[in-house]
Every structure is written in C-alpha cells, then in structure tokens.
Amino acid sequence: MSLDSPISYQAYIGQQYIQHLISCERSKMGSRPSLLLRDEELAEIQKETGFSANQIERLYSRFTALDKSSTGALSREDFLRIPELAINPLGERIVNAFFRHSDEDRVNFRQFVRVLAHFRPVKKHKENRYNSREGKLQFAFKLYDLDDDDRISRDELMAVLQMMVGENI
C-alpha cells in the first residue's frame, strides 16, 4: 500500500485501528460480556456495516471495556483514553467523527460500529453506505474540513498536514 498521500496514510491508520479494536479482547477477570442485541438488531448491524456477527461481538466487548462509567455510551474522554488515538496526530479529528451524528456528547454502540465501518476495506459486491468508496471519501473529507463548511481551504489542508507531520512541511 502506498502511503504517499494523506488520504492513503489516513486509510492505513484507520485500518490498523479497526484491526486493533477487532482483535482486542476484554481481559477484565477473563470474562466477556454477553452481546445484548436481539437477533434482528444483530442482523441489521451486519447489513448496515458489513461486519460479521463475530466481529460485532468483539467490538461490543471492546465498547463495554471502554465504557468505564457503565452507561452504555462512550464519552469523548473514553475515546481519548485509547492509547492509539491519544498519540495519533489526527486523534481529536477521529474522535470528533464519532460524535458528528450524535445529538448528545455520548455515543451508543450502534453509532460506534457505524463509524468504525468506514475503516473496513471495500469488498466487491458487498458495499453499503458506511463502507462504500464514496462513504469513505466523505468520511476522510470531513477529517480535513476543519470548519465544517463543506470545503477544504488551503489553510485547513496545511493545518491537517502539520498535525500529521509537524512543522516540517
């Protein structure tokens, strides 16, 4: 994979992050929480996101491990405690993406999984709105559109590049 362009780099980082979340198991007393979704909810999430039932179960385990207050929703602080996001130069922008479609300052499991679906590789004949090429481009575009005006100005591009590589542009 070529990491020459900022979008390729961001896609690579996103894919690494999603793989980390999926492979991360909850180690709290060696137990895993049971998945509290009805079969039809699980099927809907699979159809919406393209994740398998096993991946959804693992993501749910990770979600509950991040939910330190046991409220069934994550706050910005919960996300910022993830080491990979805390050190990522675009970590704050990625965290903001989780809250883009939330009326509150909390994200439930379904919202969590929908955002993560943007990082899945596109599979032929299995696209959905969260995992289509267009959806991924819109998601990446919003990471660069700092003032949310549906345009990326030169200053915004420079600001994001500086976040990623520092002052050595």
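The values are calculated or read from the model by the stated rules, or taken from the named source; none is laboratory data. Owing to the predicted nature of the structure, the values given are computational and were not obtained by experimental measurement. All Cβ positions, even for glycine, are placed from backbone atoms using ideal geometry, and neighbour counts span all protein chains on display. Side chains included, ligands, DNA and RNA excluded: accessible areas come from the protein's heavy atoms. Shrake-Rupley method; radii C 1.70, N 1.55, O 1.52, S 1.80 Å.
Annotations
- FRET E, pair LEU85, ASP39, Förster distance 25 Å, beta-carbon r, rounded to 0.05: 0.20
- Environment charge at GLU40 (Cβ cut-off 14 Å; Lys +1, Arg +1, Asp -1, Glu -1): -1
- Rounded to whole Hz, the Karplus (6.51, -1.76, 1.60) HN-Hα couplings of the range 97-111, x for glycine and proline: 4, 5, 9, 4, 10, 10, 6, 10, 9, 9, 10, 7, 4, 5, 5
- D (Stokes-Einstein, µm²/s), Kirkwood Cα radius, the range 47-169, 1.306 mPa s at 10 °C: 101
- Apolar share of the accessible surface for the range 47-169: 49 percent from carbon plus sulfur atoms, 1.4 Å probe.
- Charge tally for GLN162 (other residues, Cβ to Cβ under 12 Å; Lys, Arg +1; Asp, Glu -1): -3.
- Within the shell defined by Cβ-Cβ distances under 15 Å, the residues around ARG76 carry a net charge of -2, with Lys and Arg each +1 and Asp and Glu each -1.
- Taking every protein chain into account, the accessible area of the range 53-148 amounts to 53 square angstrom per residue (probe 1.4 Å).
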